[in-house]
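Single-structure report; data block below.
Any read-out appearing in this document is the output of simple, stated calculations on the displayed coordinates, not a laboratory observation. As the structure is a prediction and not an experimental result, all values here were calculated from the model. Ideal geometry is used to build each Cβ from the backbone, glycine not excepted, and the neighbour counts take in all protein chains shown.
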Amino acid sequence: GLTNGSGRYISAAPGAEAKYRSASGTSSLFSSSSQLFPPSRLRYNRSDIMPSGRSRLLEDFRNNRFPNLQLRDLIGHIVEFSQDQHGSRFIQQKLERATPAERQMVFNEILQAAYQLMTDVFGNYVIQKFFEFGSLDQKLALATRIRGHVLPLALQMYGCRVIQKALESISSDQQSEMVKELDGHVLKCVKDQNGNHVVQKCIECVQPQSLQFIIDAFKGQVFVLSTHPYGCRVIQRILEHCTAEQTLPILEELHQHTEQLVQDQYGNYVIQHVLEHGRPEDKSKIVSEIRGKVLALSQHKFASNVVEKCVTHASRAERALLIDEVCCQNDGPHSALYTMMKDQYANYVVQKMIDMAEPAQRKIIMHKIRPHITTLRKYTYGKHILAKLEKYYLKNSPDLGPIGGPPNGML
């Protein structure tokens, strides 16, 4: 090779000299201006906007060029980071363990853009974090920013989450102030895919006396709301959380429409809720509506679930009457019990009756089913009943007597 005058050998290949010069020049791979090492924090400027529309700081953070970034490094960039998927997650994680001073630094920037962040796909989570981890003053300041905007926020996809988190985190006086803004707009919120969650959260978190306006708005609307995909949830929350005085008019309206509600794809859930959690007198009213119609309602896709709940939650006397209704009829190919056993919905009611019956009544059901064993094998749903039968015969065979059926004695 050739020497370059300093005694160092260099390759004679074309262009090698240029390569050598660049290697020894100021833009060496390991120089301070290299992109392998992030520029010093002072080098970032808010006016540095990249082609992506992001600041250089956010761009470098997203490309993992700033591995040890801290909240204090984001001064002037908090709002931008909050509205970025990765930036928002970073701030949320840091806020959980941040010092009060760091939280305040972040808060000072987000407060100015609070409403904008509340309705942002990623920003709303940063606001929620302050309702969770912020100081009382910070929560109060954010609640003040919400004031006058509760309705539009409740109806907005991300704002509704902020309102829900706020209701969980603020004092009862602030809660009452907040929910007042929904007065006059209750039904609109209940029927809205976002607003209904806010109304449910109000009912769960706020003192019932502050919610009378919701009860008043439901007057004459209980049937319509119970048959609505969102309204049925709100009715259930009222039954769970409101006072007896408030739930009474709701229940009275429900009882006027039991037969229609049990057959409705949403209303049946409201009736099931009353059967599971209601007062004995309300359960009895529902059971008395079902009596006399057990066969027809058990064959119905939605009502069959209600009949099951009646069998489960009725009093012992009521349960015996419901079971008797399908067992006491004359045997034969068209008996109610036989029809139910091979039906895609009613077979579940029969199974529930077998499970819930008193031993003496269970014995009657079993003996009624026995002649149909061979036929039941042919039906998809009949097989469920056979499995249930087998379970009880194995458990209590001496008590129930021989099962009969096929000569080999197997089910």
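Quote the Stokes-Einstein diffusion coefficient, in whole µm² s⁻¹, for the stretch 53-146, based on the Kirkwood radius over alpha carbon pairs, a temperature of 20 °C and a viscosity of 1.002 mPa s. In µm²/s, the coefficient is 163.
Estimated at 0.36 nm per residue, the fully extended path between E390 and D48 surpasses their Cα-Cα distance by 115.5 nm. Rounded to the nearest 20 debye, the dipole size of the stretch 169-285 about its Cα centre is 200 debye, using +1 on the Cβ of Lys and Arg and -1 on the Cβ of Asp and Glu. Once divided by 2.2 N^0.38 Å, the Cα radius of gyration of the stretch 310-393 becomes 0.99. This model, with +1 at the C-beta of Lys and Arg and -1 at the C-beta of Asp and Glu, gives the stretch 53-146 a dipole about its Cα centre of some 120 debye. Converting phi to 3J(HN,Hα) with the Karplus coefficients 6.51, -1.76 and 1.60 and the offset θ = phi - 60°, the stretch 111-117 yields 4, 5, 10, 4, 5, 4, 6 Hz in sequence order, with x at every glycine or proline.
Rounded to the nearest whole Hz, the Karplus-based 3J(HN,Hα) values (6.51 cos²θ - 1.76 cosθ + 1.60, θ = phi - 60°) of the stretch 263-280 follow the sequence 9, 9, 5, 10, x, 4, 5, 5, 5, 4, 4, 5, 5, 7, 10, x, 6, x, with x at glycine and proline. With a Förster radius of 45 Å applied to the beta-carbon distance between R89 and Q212, the computed FRET efficiency rounds to 0.65. The distance linking the stretch 53-127 with the stretch 222-252 is 41 Å (Cα centroid to Cα centroid, whole angstrom). Treating r as the C-beta distance of S284 and R147 and R0 as 51 Å, the FRET efficiency rounds to 0.65. Each label was represented as a point 7 Å from its Cα along the Cα-to-Cβ direction; for D137 and Q116 these points are 2.4 nm apart. You can think of it this way: the chain between H277 and R316 has 12.3 nm of extra reach, that is 0.36 nm per residue less the Cα-Cα gap. 3J(HN,Hα) along the stretch 158-170: 9, x, 5, 6, 5, 4, 4, 5, 4, 4, 6, 10, 9 Hz, from the Karplus curve 6.51 cos²θ - 1.76 cosθ + 1.60 with θ = phi - 60°, whole Hz, x for Gly and Pro. Considering every alpha-carbon pair of the stretch 199-266, the percent of pairs per 5 Å bin, from zero through the bin containing the longest distance, is 3, 18, 32, 26, 14, 6, 1. Less than 5 angstrom separates the built amide H of S55 from those of M50, all sequence-distant by 5 or more or on a different chain.
The residues packed around K383, meaning those with a beta-carbon under 12 Å from its beta-carbon, carry a net charge of +3 if Lys and Arg are +1 and Asp and Glu are -1. Counted residue by residue at 0.36 nm each, then reduced by the alpha carbon distance between them, the extension gain from A101 to Q70 reaches 9.9 nm.
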